[in-house]
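Heads up: the structure comes next, in structure tokens.
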Amino acid sequence: MPEGLNRAAAVQPLAAVNDFVVKFANVNGSGSASANQLFAKSILRMGVPIASRNIFPSNIQGLPTWFEVRVSGAGHLGRRGGVDLMVAMNPQTWDRDVAEVEPGGYLFYDSTRPLPASRLRSDITPIGVPLTAMCNEAYQDPRQRQLFKNIIYVGALSALLDMDPEATAQLIREQFKGKDKLIQPNLDALQMGRDWAQKNLACPIGLRLARADAVGDRIFVDGNAAAGLGAVYGGATVCAWYPITPSTSLAEAFERRAKQFRTAPDGTKRYAIVQAEDELASIGMVIGAGWNGARAFTATSGPGISLMAEFVGLAYFAEIPAVIFDVQRAGPSTGMPTRTQQADILSAAYLSHGDTKHVLLLPEDPHECFTMGADAFDLAERLQTPVFVMLDLDIGMNDWLCAPFDWDDTRRMDRGKVMTAEELEAGKTFGRYLDVDGDGIPYRTWPGTHPTKGSFFTRGTSRDRYARYTEEGPAYVDNMERLLRKFDTAKQLVPRPVETCAKQPASHGVIFYGSTSAAMREALEELERDGIHLDALRIRAFPFHDDVLDFVRRHERVFLVEQNRDAQLRTLLVTEGEIDPARIVPVLHYDGTPITARFIRTAIAERVARDTIVPMTRAGAAE
Amino acid sequence: MTFLPKPKLHHPLLATNALGLTRRDYEGAISTLCAGCGHDSISAAIVQACFELELPPHRIAKLSGIGCSSKTPTYFLGAAHGFNSVHGRMPSVLTGANLANRDLVYLGVSGDGDSASIGLGQFAHSIRRGVNMTYIVENNGVYGLTKGQFSATSDKGSKAKKGTINTDEPIDLVAMALQLGATFVGRSFSGDKTQLVPLIKAALLHPSAAFIDCISPCVAFNNHEGSTKSFDFVRAHNEAVNRLDVIVGRDRIEAEYEPGTAVDVTQHDGTVLRLRKLHPEHDPTDRVSAMNYLQERKAAGEIVTGLIFLDPDPADLHDHLGTSADPLNAMGDADLCPGAAMLERVNAAYR
């Protein structure tokens, strides 16, 4: 028997082509991330769809980190649940990593030091490769030993899973373009792993890859990069932010793209980025810039949203455009800073003191992060109010396979109702809070517009339609009612929900939003196979379009799938739509990991089964 | 404190400036502060300074936080846009506004509670960033609008109206501004218009962060015996280091001074600040000596006023960021949107 391959499994080893889950267990700071990315992208280059997810600690070096790659020829991009092949490179988490493998699965490990049988499982196939020994022999420099160990295991996996080595080699050549002397050593390490596996192990194993044509023109990108790019396309010129995981890379992406696309020939910048002293200052700068006619945004997460609460109330009441990207993480307080949740829905929707309601956009993947990231600026200026783009860590920080970005060159920024010097000069009536058009949206002027007309004093305290200070009740009520009318107008401007009908008429429906989409689609297919037919509605924005309420009314029962404990969107829906709470059954996943198709399917199937149990009737009893 | 509306009529013989505007064109709504409030004198000084500098009123943006001082932007420059923001956060709103349009003149008005207590962080960071603004703290050492609590600039040992003694160390915003790298630092007194008006003029012309701490007695809550921010106390302890003339191009003042008593500082835009020195040992262009001088005089129980420090050729936040000379808020689609073709190249890199 070849060294390291011990087929003691009592359970039949898993066999699948282009349909399995690989999970890498690593130590952070060990350089594993780029090797794992290389593995993932190699599969994509073979034309096979993947979904990859980083599960990482709030730490720079030394703590456990995981990278999960879902291979799905069928194109399922959510998490499936379960692991078929564990690449167990971290002794700290060995036991839980081994335990997580599906029966019949595989365990890849460094066999330099022999492991007692008690640390393995009889129902999975262990695959030992003496990585450390190989590196110690091949390299003298400790750093090289560490880095190339990662590439060697990618090489071994390449042989075990029957991957196309040229796809990986090409990626290495692209990655190190410009640092050409690194190309050959990486190619050599890759080959070393492949050669060893082919010589010593039975390759391929039951899990295999086969070249396909299922990726198409899709791109593989993370939501923060997409949203940052969307802000550039959306015409944002001012970014004020404060570093906070998981939103930091959004502001950094904006900076990178703005530098690339907005540097004038003379070297000056058509944008300004300030790393503020805190989130209060970030949002203050955004509001100051928005007041003065620039498109401005900040990127933050839950704790930052809390700090911005006072200012966002001012922006709502003073009617100042602002865009806030909230890359949600698990709270409350610092919560789990590197874990995902959809847990800021309620706090963002009603952020601040007094009566406030805000526009929320709910992107499902990086493609929508880009489009909504750009659209948010039009909406904010059209509605003269803060607009939240609600990403989460799963979308924001993981690479997703999604439709390529597109842009219509005839599109122009919608700057909203801004009165110009010419209009003022022509005698057009200006009242800052005057509802001229009946849509609740007043006209504004930018500072410095006209020498004698159109200036006004912006304040968070009550004022009349002409921006004059007043504490008169009727004037306050008049203004608050107009703000409600404006919110009603917003319903028609925000992205509409997307409905998918079941193949058969369905009495039950399911509502979901954001990063849940991918797992939800897969769960819907599986539920349908099990005979559970559900109409599905993906909500894309708050305020809710009438179609959302109509969907709830049309169905006897509606499941609402969310990634938080308190069913926050359900609360919003029940409150804003005046819906009987009993009609909406929450399905909640909030352990900080991205939701899986398996979780959704199980939760809904159990509930449906419970509802359809017919009570036994006593024999002979009249019906 | 009056409820009479201001008459709109101007006296036909009121002096006009080069823009054809009278002093009245720089005024705002009638003040609702207490009669005799120091803040009203500062508003009047701002009106006078802008009139004399011939600034188009609508090209000034006036911003404030919350408190008595922050109410005052309503009372001057009625033709300018104003923003009464949130407590202690005027500096960030002003910074953002300045980023959006570098072509306006930014005037931030704040108080000692607004800047030294709740807003100390934003005060500090806006100064160290070198935001091009005039930042005036109307410093009365007391919370007026909430009726008489100590603020962070109240002197240790000073007495509240009801007799409480302040035991906390005071924050000296002038010393902080110097340490934080402000390129224009002055202190004045609302009761000394001849000193204050030229100081505001010089600050408005200064192309970076200009800070003025203006002691402004609160007649309702902090003008009694035992207060260190009362009219009487400040008059008795005021030590002006210099007298300032702001000489803009054509109206050059030709006066004779004793050698060594007047220093002309030419600014980047050609404006000359003539400092008539009252204390020969104070050098306003040397930050370290200015800091030392300030501390020495403070230890001697004096309140140093005048232009305490000046960097005649400073950089501002836009210089640091390398922003375009054109205002960001004036840029259109062609300037900002990279377009579909570029997006295709972006897509290709993500495959």
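The values are calculated or read from the model by the stated rules, or taken from the named source; none is laboratory data. Source: prediction; values computed, not measured. FYI the Cβ positions are ideal-geometry reconstructions off the backbone, even for glycines, and counts take in every protein chain you see.
Couple of notes before you dig in:
- Residue match in the stretch B:22-41 (condition: surrounded by 17 or more Cβ atoms within 10 Å (Cβ to Cβ) and closer than 22 Å to B:A177 by Cα): yes
- The stretch B:309-351, residues that are under 30 Å from B:F211 (Cβ atoms), touching a Lys or Arg at 6+ places or on another chain (Cβ under 8 Å) and outside any loop (DSSP other than H, G, I, E, B): B:F309, B:L317, B:H318, B:H320, B:L321, B:T323, B:L328
- Going through (1) buried (at least 20 other Cβ atoms within 10 Å of the Cβ); (2) in contact with a His (Cβ under 6 Å, 6 or more places away or on another chain) one by one, B:G96 falls short only on (2).
- Criterion: touching a Ser or Thr at 6+ places or on another chain (Cβ under 9 Å) and at pLDDT below 95 - qualifying residue of A:S30, A:S42: A:S30
- Residues that are of a type in the set (D, E) and within 26 Å of the chain's Cα centre (by Cα), drawn from the stretch A:69-113: A:D84, A:D97, A:E100
- Filter result for B:D333 (of a type in the set (D, E, K, R) and within 30 Å of A:V221 (Cβ to Cβ)): yes
- Those residues of the stretch B:117-153 which are over 17 Å from B:G186 (Cβ atoms), charged (D, E, K, R) and more than 13 Å from chain A (Cβ to nearest Cβ), in sequence order: B:K147
- From A:A506, A:A582, A:A567, residue being surrounded by fewer than 23 Cβ atoms within 10 Å (Cβ to Cβ), within 20 Å of the chain's Cα centre (by Cα) and not assigned by TED's automatic domain parsing to the domain that holds A:Q384: A:A567
- Taking the criterion of being assigned to a helix (DSSP H, G or I) and facing chain A (nearest Cβ under 7 Å), the residues of the stretch B:93-104 that qualify are B:V93, B:L94, B:T95, B:G96, B:A97, B:L99, B:A100.
- Among residues of the stretch A:484-508, those that are over 30 Å from A:L379 (Cα atoms) and touching a Phe, Trp or Tyr at 6+ places or on another chain (Cβ under 8 Å), counted: 1
- Residues that are over 30 Å from A:D408 (Cβ atoms) and assigned to a strand (DSSP E or B), drawn from the stretch A:332-376: A:M336, A:P337, A:T338, A:R339, A:T340
- Index of the failed condition, B:S158 passing every other in (1) in contact with a Ser or Thr (Cβ under 7 Å, 6 or more places away or on another chain); (2) among the small types (G, A, S); (3) closer than 16 Å to B:H87 by Cβ: (3)
- Of the residues in the stretch A:189-208, not one is more than 27 Å from the chain's Cα centre (by Cα), aromatic (F, W, Y) and part of a loop (DSSP other than H, G, I, E, B).
- Check on A:T338, of a type in the set (S, T, N, Q) and within 27 Å of A:N59 (Cα to Cα): yes
- Top-ranked residue of the stretch B:149-173 - restricted to ones that are among the polar types (S, T, N, Q) and in a loop (DSSP other than H, G, I, E, B), ranked as nearest to B:G113 (Cα to Cα): B:S151
- Candidates A:R53, A:R119, A:R96, filtered to the one that is buried (at least 18 other Cβ atoms within 10 Å of the Cβ) and of a type in the set (K, R): A:R53
- Residue match in the stretch A:288-296 (condition: of a type in the set (F, W, Y) and more than 7 Å from chain B (Cβ to nearest Cβ)): no
- Some residue of the stretch A:402-418 being farther than 30 Å from B:R59 by Cβ, β-branched (V, I, T) and in contact with a helix residue (DSSP H, G or I) (Cβ under 8 Å, 6 or more places away or on another chain): no
- Identity of the residue in the stretch A:219-278, within 10 Å of chain B (Cβ to nearest Cβ), among the hydroxyl-bearing types (S, T, Y) and not in a helix (DSSP H, G or I), that ends up farthest from A:P366 (Cα to Cα): A:T268
- Taking the criterion of being within 14 Å of chain B (Cβ to nearest Cβ) and either within 29 Å of A:R444 (Cα to Cα) or modelled with pLDDT under 95 (or both), the residues of the stretch A:381-406 that qualify are A:E381, A:P386.
- Some residue of the stretch A:417-434 being outside any helix (DSSP H, G or I) and closer than 30 Å to A:A33 by Cβ: no
- Residue among B:L310, B:L321 that is surrounded by 15 or more Cβ atoms within 10 Å (Cβ to Cβ) and under 30 Å from A:G228 (Cβ atoms): B:L321
- Which numbered condition A:I287 fails, given (1) touching a residue at least 40 places away in the same chain (Cβ under 8 Å); (2) touching a helix residue (DSSP H, G or I) at 6+ places or on another chain (Cβ under 7 Å); (3) closer than 22 Å to A:P442 by Cβ: (1)
- Residue check, A:E499 within 30 Å of A:M397 (Cα to Cα), in a strand (DSSP E or B) and charged (D, E, K, R): yes
- Single residue of A:A236, A:A253 found to be under 21 Å from B:V131 (Cβ atoms), assigned by TED's automatic domain parsing to the domain that holds A:D378 and buried (at least 21 other Cβ atoms within 10 Å of the Cβ): A:A236
- Answer from B:L55, B:L63, B:L107 - the residue that is more than 7 Å from every other protein chain (Cβ to nearest Cβ), in a loop (DSSP other than H, G, I, E, B) and of a type in the set (A, V, I, L, M, F, W, C): B:L55
- In the condition set (1) surrounded by fewer than 20 Cβ atoms within 10 Å (Cβ to Cβ); (2) in contact with a Pro (Cβ under 9 Å, 6 or more places away or on another chain); (3) within 19 Å of A:L588 (Cα to Cα), A:T516 is compliant with all but (1).
- The stretch A:303-362: number of residues that are touching a strand residue (DSSP E or B) at 6+ places or on another chain (Cβ under 8 Å), more than 14 Å from chain B (Cβ to nearest Cβ) and of a type in the set (V, I, T): 6
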